[in-house]
1. Filter segment 55-92 for residues that are modelled with pLDDT of 80 or more and among the aromatic types (Phe, Trp, Tyr); which is nearest to Ala27 (Cα to Cα)?
2. Determine which member of the set Gln131, Gln99 is farther than 17 Å from Ala86 by Cα and not hydrophobic (A, V, I, L, M, F, W, C).
3. Please specify each residue of segment 93-141 satisfying the condition of being in contact (Cβ under 8 Å) with a residue 40 or more places away in the chain, more than 15 Å from Gln152 (Cβ to Cβ) and within 12 Å of the chain's Cα centre (by Cα).
Amino acid sequence: MNRAAERILATLRRAPGLTKEEIAERAYVSVSTLSGGGYLKALRREGLIFVSGWQRNGSGGFTTPLFSLGSGPDYPKPGLDEANRAAPGMARLLEVIAQFGPIDYRQAARLSGLSLATVKNSDYLEALLTQGKIHISGWRRARNGPMRPVYQIGAKESEPRLEPLTSAEKSRAFRWRRSVAANSASFATQFMPRNR
């Protein structure tokens, strides 16, 4: 065994669970030598080191193996799902909901600086719900389109979705709004100054 391999093993003895870059820095071996020279592959083949875990990348995926001493089986690369998903956009939404909640996805997009399309289509809010970091505290009726959930921080049980209005209920609500608007206009005219 050469000196570079001995330094790699000594480094992992002191600090298990290191990335390739961390091993290179601490064992005084360049990253290109570590990978290109096949040191990690050879040490794994000999049963001296194994993949003991995976580190997340900036987008939240698991792409960087972590190495430790030992002959154990390599830890399988985790799949990405709603329960273990993490992304910078999710962290921003969580902060905004904690500070300004309860809010719907449109308000969350505006306050977080993320685009409406990103918040609506990325499933960030669904992942945060699955992880129990937020819950649906209620529903808002929109003028047009489906009802929107209102999100609040915390792991509580989410409110069930309300049933959509029937055609009769929509007509009744429209007639009521129209009559209120007409009555308020006539009420306001009573207080207008008269021309003399």
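The values are calculated or read from the model by the stated rules, or taken from the named source; none is laboratory data. For clarity, every value in this text was computed on a predicted model and none was experimentally measured. Because the Cβ atoms are built from the backbone with ideal geometry, glycine has one as well, and the counts that use them run over all protein chains shown.
1. Among those that are modelled with pLDDT of 80 or more and among the aromatic types (Phe, Trp, Tyr), it is Phe67.
2. Gln99
3. Asp123, Glu126, Ala127, Thr130
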